[in-house]
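Participant: The structure under discussion is supplied below as structure tokens; questions concerning it will follow.
Read-outs: derived from the displayed coordinates by stated rules, not from any lab. Nothing here was measured: the structure is a model prediction, and the numbers come from that model. Here the Cβ is made from the backbone with ideal geometry for all residues, glycine too, and neighbour counts use every protein chain on show.
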Amino acid sequence: MSEFVNSKFVKKISEITYQSYDHGWDERNGGNVSLRIDEADLADYADVKEVKKTIDLGFDARALAGQYFLVTGTGRYFRNVINQPKLDLGLVRITADGQKADLMWGFEDGGLPTSEFPSHLMSHIERLKVDQNQRVVMHCHPTNLIALSFTQDLDEAQISRLLWKMQAESLVVFPEGIGVIPYMTPGTTEIGKATAAKMQDFRVVMWPHHGIFGAGTSLDETFGLIETVEKAATIYSQIGAQGGQIKQAITDDQLRALAKAFHVVANPDFL
């Protein structure tokens with residue numbers, strides 16, 4: 001038997017949280033991540049067999065009953081996770097009634113899951129309906145994407161097309177485009193429900209003036225999804241810094257050819 005702190009799950013989430021901080025996406029205690037882990041993958045870890053305490057969720061998560069999630073803690077700094085994972089991460093199991101989560105490992109100083117955990121669980125529920133392999137939800141604050149929410153209409157088609165046309169990779173990585181919700185108070189059930197509704201159609205959702213929610217099959221894929229969105233927004237910001245005059249751009253026909261070449265289906269409502 002091994003200790004869970006040495007698992008590939010803790011190692012990878014520690015790396016990803018530090019990289020996200022290093023990119024400037026997670027200032028102070030900004031940002032949170034949750035990773036769904038299959039029970040079979042925990043069989044070799046002796047220190048995840050007993051319930052340490054039970055935590056109220058404030059949300060009905062019965063659709064995820066019995067599922068395990070490795071999640072970052074509330075008020076924790078992403079830059080610190082890599083050095084103190086037993087404090088800043090927790091492994092929880094959703095109870096049968098969906099109202100609580102049993103803490104199986106971590107949060108050794110009395111910590112709790114991120115205040116956005118209900119929003120994460122709502123998004124996990126919706127993404128599992130689309131793809132049973134999806135197991136990651138990540139929230140962070142990419143600078144240039146947030147800036148777009150101040151300068152652009154909060155229109156999904158407009159923002160998706162803008163990001164697609166900033167670089168060829170965008171359409172290939174997020175061909176469905178980007179979902180957008182109105183500005184809402186974070187950490188609430190309302191923003192969780194609004195985000196989850198968008199997760200029925202999108203893997204990435206803009207929270208205007210705040211940040212982004214992304215979902216994927218792995219930590220690397222989800223990080224890469226957000227990274228690609230932010231790179232496109234950064235290019236747009238650099239165009240503005242260079243005077244804002246676009247002399248040539250990717251056309252709609254070129255986007256269609258790109259989708260065909262890479263065997264993806266561009267959102268027909270946006271293209």
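Participant: Among the listed pairs Lys11/Lys52; Lys11/Lys129; Lys8/Lys198; Lys100/Lys129; Lys198/Lys231, which are separated by more than 26 Å between their Cα atoms? Numbers along the way, then the final one.
Facilitator: On the way: Lys11/Lys52 22 Å; Lys11/Lys129 28 Å; Lys8/Lys198 30 Å; Lys100/Lys129 22 Å; Lys198/Lys231 22 Å.
In this structure, Lys11/Lys129; Lys8/Lys198 lie more than 26 Å apart at Cα.
Participant: What does the extension gain come out to for Asp22 and Ile239, with contour length at 0.36 nm per residue minus their alpha carbon separation? Could you put the intermediate results ahead of the total?
Facilitator: Details: separation 217, 0.36 × 217 = 78.12 nm, distance 2.37 nm.
Here the segment from Asp22 to Ile239 would lengthen by 75.7 nm.
Participant: Given H placed 1.01 Å from N in the peptide plane, which residues other than close sequence neighbours of Lys100 have an amide H under 5 Å from its amide H?
Facilitator: Long-range HN contacts for Lys100: Leu57, Thr95.
Participant: Using a cut-off of 14 Å between beta-carbons, work out the net charge of the residues near Ile159 (Lys and Arg +1, Asp and Glu -1, Ile159 not included). Display every interim value, and only then the final one.
Facilitator: On the way: positive: Arg161, Lys165, Lys198; negative: Asp153, Asp155, Glu156, Glu176, Glu230, Asp269.
Here the charged neighbours net out to -3.
Participant: Take the alpha-carbon centre of region 161-194, take the same for region 1-79, and report the distance between them in whole Å.
Facilitator: 24
Participant: Sticking with this one: Go ahead and set up a Gaussian network model of the chain, Cα springs under 10 Å, then flag whichever of Ile146, Ile37, Ile246 fluctuates most.
Facilitator: The residue that fluctuates most here is Ile246.
Participant: If you don't mind, there's one more thing I want to ask. Convex hull volume of the Cα atoms in the chain, per residue, in Å³?
Facilitator: Details: hull volume 32.8 nm³, N = 271.
Value for the chain: 121 Å³ per residue.
Participant: Quick one: Cα centre-to-centre distance for region 198-215 and region 105-125, in angstrom?
Facilitator: 18
Participant: Using modelled amide H (1.01 Å from N, peptide plane; none on Pro or chain starts), what sits under 5 Å from the amide H of Lys53, excluding residues fewer than 5 places away?
Facilitator: Leu103
Participant: Assigning unit charges at the beta carbon (Lys, Arg +1; Asp, Glu -1) and nothing else, what dipole magnitude in debye, to the nearest 20, does region 89-212 show about its Cα centre?
Facilitator: Details: 10 positive and 14 negative charges, 39 e Å.
The calculated dipole for region 89-212 is roughly 180 debye.
Participant: Name the most mobile residue of Tyr68, Tyr18, Tyr45, meaning the one with the largest mean-square fluctuation, in a Gaussian network model of the chain with Cα contacts below 10 Å.
Facilitator: Sorting by GNM fluctuation, first place goes to Tyr45.
Participant: Follow-up. By DSSP, what percent of the beta bridges with both residues in the chain are antiparallel, rounded to the nearest 5? Intermediate results must be reported in sequence, preceding the final value.
Facilitator: Values: 32 of 35 bridges.
In the chain, approximately 90 percent of DSSP beta bridges are antiparallel ones.
Participant: Moving to a separate point now. Would you mind listing how long region 1-151 runs along its three principal axes, going by Cα atoms, in whole Å with the largest first?
Facilitator: That works out to 48, 33, 27 Å along the principal axes.
Participant: Exposed loop sites here are trypsin sites (Lys or Arg not before Pro) in DSSP loop states with at most 13 other C-beta atoms within 10 Å. What is the longest stretch of the chain lacking them? Don't skip to the answer; put the middle values down first.
Facilitator: Values: sites that count: Arg28, Lys49, Lys247.
Answer - 50-246.
Participant: Mind checking the dipole of the chain: about its Cα centre, +1 per Lys or Arg Cβ, -1 per Asp or Glu Cβ, Debye to the nearest 20?
Facilitator: Charge dipole, the chain, about its Cα centre: 180 debye, nearest 20.
Participant: Now a separate question. If contacts are Cα pairs under 8 angstrom and at least 6 residues apart, what is the relative contact order of the chain in percent?
Facilitator: Here the relative contact order equals 19 percent.
Participant: Measure off 7 Å from each Cα along the Cα-to-Cβ vector at Ala197 and Ser2, then give the distance between these two points in nanometres to one decimal.
Facilitator: A separation of 4.3 nm, rounded to one decimal place.
Participant: Another question, if that's okay. For region 116-271, what is the relative contact order in percent, using Cα pairs closer than 8 Å and at least 6 residues apart in sequence?
Facilitator: Numbers: 242 pairs, mean separation 52.7, N = 156.
Once normalised by length, the contact order is 34 percent.
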